[in-house]
Amino acid sequence: MKKTLKCVLLTLLTISLAIAATGCGKSEADAKKVVIYTNGDEEAVQAMKTSLTNSGFEGQYVLHSLGTSELGGKLLAEGKNIEADLITMSSYFIESSQNKHAMFKELSFETDALETHPSFYAPILSITGTTFVNTELLEQKGLPRPTSIADLTKPEFKGLVSIPDIMHSSTGWLLIQAIISEYGEESGKAILHDLITNAGPHLESSGSGPIKKIQAGEVAAGFGLRHQAVAARATGIPIDFVDPIEGNFSLTESIAVVNKDNETTDLAMKMAEAILKGARKDLIVNYPVALYKGETIDQVDKPAYPKGFAKPLTVELLQEHQQFFNTSKSGN
């Protein structure tokens, strides 16, 4: 019995050592692969993978999905020392990282973007904020159809509103931009305080959290990504989007190549071009915002009140608005 137990333990030890050896460091083959970091969600990641496969790059890259805050922190802290060779990320984080570290290589290919952008990145998708409602629940609760973000602060909406938390979600920044842009910081702080109070336990760490609460019938109204509400309504469920009079603000996500000046960098540049040119046809379906010449979207996908924030979007501005959020939440 003891001899059998000893054999089992030795076998398990051998297996553990083999697993540990496999997990330590990269193989020579993996060392030549392009490492891609992305904050994109499932649809964006799939579009990128499809474009890389169609362009003949299957098996030549390793892709890691990270949250926006996590990836942004790595970019700002690590600079060129980051493991990634290629990234897709919120444009404001790319710009701030470039300003701090000069870490991205000038793109070697041309783009036909509708708006001017720095030469070290190219936009791949855009997300837009809006309010949306569960029409059945509005009727059941006898609630008026809101036309603004401020309407959601009314007492009758207490406990029936869901919003994203800017401390965890970039979608939450779209909400804060709309409030500050329309009402200023002093009046906006009071509106945001009342909105957070009405949200109560429905303050979400994910940008998709509010639409999920709406679909489940847990809340009657919320703020989130416009394309998600448009898609939900198209399925026939009792969801509708309501572009708020404060404005529909947007954020772009872009692709950039880390300038490590080696063969992998050259391959990463080719992949960046392949993603940009091959994935847009799928990305614009899931994120229906025209970014390049020749692109068109359906009328339903055009927000009623498109706006841009008066100041350039930077990590520093995000931090200011996060502080605005926290002081509004506490009521100080």
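The numbers here are math on the coordinates, done by the rules we state, and not lab data. None of the values given here were measured: they were computed from a predicted structure. Cβ sites come from the backbone with ideal geometry, for glycine too, and all protein chains shown count toward neighbours.
Pairs exceeding a 20 Å alpha-carbon distance, out of Lys80/Lys281; Lys158/Lys212; Lys49/Lys212: Lys80/Lys281; Lys49/Lys212. For the chain, the Kirkwood radius over C-alpha pairs fed into Stokes-Einstein at 10 °C and 1.306 mPa s yields D = 73 µm² per second.
Could you work out the relative contact order of the chain? I mean the mean sequence separation of Cα pairs under 8 Å and 6+ apart, divided by the number of residues, in percent.
Values: 552 pairs, mean separation 86.7, N = 332.
Taking the mean separation of contacting Cα pairs over the length of the chain, I get 26 percent.
Here the stretch 51-136 yields Rg over Rh of 1.04, to two decimals, using C-alpha coordinates and the Kirkwood radius. The sum of -39500 (n - 2.57) across all DSSP H runs of n ≥ 4, divided by the residue count of the chain, sets its helix-only mean residue ellipticity at 222 nm to -15000 deg cm²/dmol.
Label-to-label distance for Glu139 and Ala190 is 3.6 nm, based on points extended 7 Å past Cα in the beta-carbon direction. Taking Ala221, Ala178, Ala102 in turn, the Gaussian network model of the chain (Cα-Cα springs below 10 Å) assigns the largest fluctuation to Ala102.
Using alpha-carbon pairs under 8 Å, 6+ residues apart, how would you state the relative contact order of the stretch 157-265 in percent? All intermediate terms of the calculation are to be shown ahead of the outcome.
Working: 135 pairs, mean separation 36.0, N = 109.
Once normalised by length, the contact order is 33 percent.
Axis angle, to the nearest 10 degrees, between helix 42-54 and the longest C-alpha principal axis of the chain: 40 degrees.
Computed over the alpha carbons of the stretch 202-332, Rg followed by Dmax gives 18.5, 54 Å.
If I build a Gaussian network model for the chain, linking alpha-carbon pairs within less than 10 angstrom, which residue out of Leu291, Leu317, Leu75 has the largest mean-square fluctuation? Fluctuation is largest for Leu317. Distance between the modelled labels on Lys281 and Gln46, one decimal in nanometres: 1.7 nm (7 Å Cα→Cβ projection). For Thr296 and Glu106, a Förster radius of 41 Å and the Cβ-Cβ distance give a FRET efficiency of 0.85, rounded to the nearest 0.05.
Report the residues of the stretch 245-279 in range of a label on Thr147: point 7 Å along Cα→C-beta, backbone N strictly under 13 Å from it. Zone members listed by number: 245-246. For the stretch 92-166, chymotrypsin sites (Phe, Trp or Tyr not before Pro) are listed when DSSP marks them as loop and at most 14 other Cβ atoms sit within 10 Å of their Cβ; the list is Phe109.
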